[in-house]
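S.K.: Dumping the structure here so I can ask a few things about it.
The values are calculated or read from the model by the stated rules, or taken from the named source; none is laboratory data. Since this is a predicted model, take the numbers as computed values, not measurements. Reconstructed Cβ throughout: ideal geometry from the backbone, glycine too, with neighbour counts over all protein chains shown. The accessibility values were calculated without ligands, DNA or RNA, using every heavy atom of the protein model including side chains. Shrake-Rupley method; radii C 1.70, N 1.55, O 1.52, S 1.80 Å.
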Amino acid sequence: DDALLVASRNLTRSTGYLPQINYQKINTTLYHVKVSKATDKFNLVFSELYSSGWQARFSDGSNVSEDKHFLANAFGNGWEIDKTGDFEIEVKFAPQDILSKAEKISLASFIGLLAILGILKLRKRNVN
């Protein structure tokens, strides 16, 4: 099941036009979102279980501020987007970065341990 990204009008102020939203799921923790024809601020709703770990970042590197991130539809993530025009947003689960680094460290440690064991075995063989 892919998470669904949906644009909804901001209820406090609206021109009545919603931007066009297209997205690509890179993996379970990363989505690239293309927004076209945004004429007013809108809410971007992401139907993945709400967590403060989900972050939205514009393609220019600026983050959607944390105070614009909210619980949407009683379970999902929502962001108030006040940018207009055509732009891209990256939605990602930031804690995954820590896990990815830990996996790389574990792999490097395992390979190092295998190398040390291999060297010790060769030395023992050469002594005999």
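S.K.: In terms of solvent-accessible area of protein heavy atoms at a 1.4 angstrom probe, what is the ranking of ASP40, ASP60, ASP67, highest value first?
M.R.: Reading off the accessible areas and sorting them downward yields ASP67, ASP60, ASP40.
S.K.: Also: Identify the chymotrypsin sites (Phe, Trp or Tyr not before Pro) of the range 31-128 meeting these criteria: DSSP loop state and at most 15 other C-beta atoms within 10 Å of the C-beta.
M.R.: Hits after loop and neighbour filter: PHE75.
S.K.: Next up: Quick check: with the 1.4 Å probe, what order do HIS32, HIS69 take by accessible area, largest first?
M.R.: Sorted by accessible area, descending: HIS32, HIS69.
S.K.: Same structure again: Check the straight Cα-Cα distances from LYS41 and name the lysines below 26 Å, setting aside those fewer than 8 residues away within the same chain.
M.R.: Cα-Cα hits under 26 Å: LYS25, LYS68, LYS83, LYS92.
S.K.: Further question on the same structure: How do ILE116, ILE89 rank by accessible surface area computed with a 1.4 Å probe, from largest to smallest?
M.R.: Accessible-area ranking of ILE116, ILE89, largest first: ILE116, ILE89.
S.K.: Residues in the range 63-94 near a label at LYS37, defined as backbone nitrogen under 17 Å from the 7 Å Cα→Cβ point?
M.R.: 84-88
S.K.: Under the rule of at least 5 residues apart or a separate chain, name every residue whose amide H is placed under 5 Å from the amide H of ALA72.
M.R.: Here the answer is ASN77, GLY78, since their amide H atoms fall under 5 Å of that of ALA72.
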